[in-house]
Amino acid sequence: MKAAEEPILIEVLTRLNEYGPDDLFVCCASFEERCVTSVQRMSPNFRARYSIIFVIEEPRHEELVEVNLAKIQAILSRKTAEGLFVIRCQREDPVDGIGQLKSIWHRCKPKDSEEPFITVDISGFTKVYLLGLMHYLVAEANLGLPRMIHTTQSYSPTRLTQGVQQISTVTNYFGNISLEKDNVLVLFLGFEPERALSVWKQFNPTRTIALITAPRDSNLEYLKYAEKNNEYLLSQPSVEVRQAPADNPWAVRNILESIYDEVKTTYNMVIGPFGTKPQVVGVFLFWLEHPKVQIVYSFPQEYTKSYLNRRPGQTYLLPLSLSSK
């Protein structure tokens with residue numbers, strides 16, 4: 001297919017395999033309404049041999065999660081030819097969910113690992129689960145990059161989470177940190193200032209590069225809110241501010257590559273992904289080429305009610321390289 005440098009709007013989701021059903025469709029049922037959107041946009045002839053629905057526990061929003069799960073199951077049961085799997089897992093423990101995936105992989109893996117037909121809808125996943133899933137499919141199962149789609153949301157700028165429960169290095173992304181070098185911390189900033197700030201304080205980096213999300217529609221209200229939200233961190237003398245696109249993983253990968261070229265001889269590079277989910281995919285693309293980089297994460301204590309007021313937006317095919325499918 002032709003090269004894609006920007007996200008491509010998807011109004012109808014078609015299958016990748018023109019000769020039969022795709023190998024696999026993967027998504028996540030969450031309390032967010034947008035998690036249902038991609039399956040609702042499947043074409044009449046969309047088919048997959050297997051489908052996998054992750055369900056990440058959210059005790060405070062359990063009823064909403066179950067409603068959305070039922071909607072996704074109802075559609076995928078008609079679109080799935082051989083097997084529909086539901087993986088229920090703990091929010092703070094991605095190893096749990098990926099472990100369950102590994103246990104069923106012999107039943108649902110693609111027939112041809114050299115040319116798999118896989119679509120992953122990242123909309124409902126948490127960022128840390130997304131990193132775990134991508135590591136398994138690409139780095140462990142060696143399937144190459146799947147087609148990845150993402151449904152945006154429309155909402156008023158507001159804090160998305162409250163509090164910090166735990167700070168840790170993401171499993172499989174420990175990197176190779178040299179004690180002879182100082183750390184440069186690259187933080188993707190959005191509407192979760194406490195989580196980003198907690199990582200900055202814990203790592204106490206010599207240098208920090210803050211990447212503020214630039215919305216696709218050039219909405220200055222979002223940009224100003226993100227800057228206001230993170231004003232304490234951004235005011236620190238060791239913090240440099242740059243911009244990164246909200247929904248272009250390949251462009252994010254290139255931004256990180258340019259930063260790496262600046263710092264690789266004198267700093268360890270540590271990344272904290274607290275922006276958008278497509279940006280997390282961009283972080284993964286960069287990590288694939290530079291596995292010595294470390295990725296860190298802080299888990300929130302709770303999600304704010306603002307999540308419940310968000311409405312599904314448009315669905316995009318994400319560019320993963322200049323030759324993305």
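The values are calculated or read from the model by the stated rules, or taken from the named source; none is laboratory data. Source: prediction; values computed, not measured. Quick reminder, even Gly has a Cβ in these numbers, built from the backbone with ideal geometry, and neighbours come from all protein chains shown. Each accessible area value is taken on the protein alone, full model and side chains, heavy atoms only, with ligands, DNA and RNA left out. Shrake-Rupley method; radii C 1.70, N 1.55, O 1.52, S 1.80 Å.
For this structure, a couple of remarks:
- Remark: C-alpha extents of region 159-303 on the principal axes read 40, 30, 30 Å, sorted largest to smallest.
- Accessible surface for Leu223 stands near 30 Å², nearest 10, in the context of the full protein assembly shown (1.4 Å probe).
- Cα-based Lys proximity count in region 159-303, under 30 Å, for pairs eight or more positions apart or on separate chains: 14
- Taking a ≥ b ≥ c as the square roots of the Cα gyration tensor eigenvalues, region 221-320 comes out oblate, since a/c reaches at least 1.5 and a/b does not exceed b/c.
- The accessible surface of the chain, taken with every protein chain in place and a 1.4 Å probe, is 48 percent carbon and sulfur.
- Based on protein heavy atoms only, region 159-303 ends up with 43 Å² per residue of surface accessible to a 1.4 Å probe.
- Residues His106 and Glu6, FRET efficiency given R0 of 41 Å [Cβ-Cβ distance, rounded to 0.05]: 0.60
- Helix 249-263 axis versus longest C-alpha principal axis of the chain: approximately 30°, rounded to the nearest ten.
- Alpha-carbon Debye profile of the chain, log10 I(q)/I(0) at 0.11, 0.15 Å⁻¹: -0.67, -1.30
- Inter-centroid distance (Cα atoms) of region 112-144 relative to region 21-45, Å: 15 Å
- Note on region 34-132: the C-alpha convex hull projects to 6.6 nm² when averaged across all orientations.
- Helix axis angle, 193-203 relative to the chain longest principal axis, alpha carbon, degrees: 60 degrees
- Taking 18 Å as the straight-line reach from the Cα of Lys71, the aspartates and glutamates in range (excluding those fewer than 8 positions away in the same chain) are Glu32, Glu33, Glu57, Glu58, Glu62, Glu63, Asp121.
- Using a probe of 1.4 Å on the protein chains alone, the accessible area found for His106 is around 130 Å².
- Counting only protein heavy atoms and a 1.4 Å probe, region 19-73 has 39 square angstrom of accessible area per residue.
- Residues Glu6, Glu63, ordered by accessible area of protein heavy atoms at a 1.4 angstrom probe radius and largest first, appear as Glu63, Glu6.
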